[in-house]
1. Quick test of your reading of the structure: D114 fulfils all but one of (1) in a loop (DSSP other than H, G, I, E, B); (2) free of Cβ contacts under 8 Å to residues at least 12 places away in the same chain; (3) of a type in the set (D, E). Name the failing condition by number.
2. Here are some residues: T171, T177. Which one is within 21 Å of G210 (Cβ to Cβ) and within 17 Å of the chain's Cα centre (by Cα)?
3. Looking only at region 180-191, count every residue that is of a type outside the set (D, E) and over 27 Å from the mean Cα position of the chain (by Cα) and tell me the total.
4. Return yes when A106 is in contact (Cβ under 8 Å) with a residue 24 or more places away in the chain and part of a helix (DSSP H, G or I) and no when it is not.
5. Say we look at region 234-248 and pick out the residues that are within 22 Å of the chain's Cα centre (by Cα) and in a loop (DSSP other than H, G, I, E, B); which of these is nearest to R159 (Cα to Cα)?
6. Please find, within region 66-117, the residue that is nearest to V144 (Cα to Cα) out of those that are aromatic (F, W, Y), crowded, with 16+ Cβ neighbours inside 10 Å and not assigned by TED's automatic domain parsing to the domain that holds A17.
7. Being surrounded by fewer than 18 Cβ atoms within 10 Å (Cβ to Cβ) and under 10 Å from W248 (Cα atoms) is the filter here, so list the residues in region 211-225 that pass it.
8. Given the criteria surrounded by 20 or more Cβ atoms within 10 Å (Cβ to Cβ), aliphatic (A, V, I, L, M), within 23 Å of the chain's Cα centre (by Cα) and part of a helix (DSSP H, G or I), does I206 qualify?
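The values are calculated or read from the model by the stated rules, or taken from the named source; none is laboratory data. Bear in mind the structure is a predicted one, so any value in this text is a computation, not a measurement. Every residue, glycine as well, gets a Cβ built from its backbone with ideal geometry; the counts of neighbours run over all protein chains shown.
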Amino acid sequence: MISRDDALAIARQWASAGRPGPAPEVFLHEFDLGYVAWRAEPRPPATDGPPAPPPATGYPRAVIDRESGEVSQWPSLPEQLIAERYAQRRAAEGRFPPDVRHVLEAAGWFPGRDVTSAVNHWMVRFAEDLAGLDCPPVARAALVEFGGLVLPQFGNSGRLGGGFTSYIHPTRGGVLTESARIFAEEYDNPVYPLGNNEDGPSELVIDAQGRVFMLHWVDDFFVAPDLDSAIVSLIRGDQMTEASDRDW
């Protein structure tokens, strides 16, 4: 267990990295899981002109884990927000395997991500195209958390980007709903647009139970029984079964 004194020593070492001279003074914000640390910068001298910007603007911050003492670097955000996001990250550590989590984080995902305003704007913009399609809570939650992400796929060689990329709505393009309507009628299972995939290209849709399907011009495919599993499958390029097998 890392005490406050231990955290101060670790924070000073972190703040001194690459800087000659004595260790700079640091501030600590303590929270349940650890400490947020940042360098204390001297105030700029007073001038007769416009006030100078704060000297610490843009400087990174660090979180020191209370249990392990591990240091992770964070952007220049309010310490309370960093503490909240760190707690969300810790809570979600087992949600995705490391290779998939790395791709998600590189794409801009983080635990607690919320793009509600973008999703609302997208729904209004394409209201005519989406008319008659019910957006179940699980679909809206998926769009709010993952909307706008571009997810590359590992190819057969194991190289990221060597497969077919998935784009989660809202995307820069429009939205196609004809395939979703045909699928809903054929399988008596309403679905809602989730995104698209370069293979085909094809449409990604999700139903009220959270099951994800890929609607390809060759056939319709069952991706996974829930969103998280579908994201893993899409990024890894896993094999999919035909929706007509009805093993979902």
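1. Here D114 clears every test but (2).
2. T171
3. The qualifying residues number 6.
4. no
5. The extreme case among them is G237.
6. Among those residues, the one meeting the criterion is W109.
7. P225
8. Values: surrounded by 20 or more Cβ atoms within 10 Å (Cβ to Cβ): yes; aliphatic (A, V, I, L, M): yes; within 23 Å of the chain's Cα centre (by Cα): yes; part of a helix (DSSP H, G or I): no.
For I206, the condition - surrounded by 20 or more Cβ atoms within 10 Å (Cβ to Cβ), aliphatic (A, V, I, L, M), within 23 Å of the chain's Cα centre (by Cα) and part of a helix (DSSP H, G or I) - is not met.
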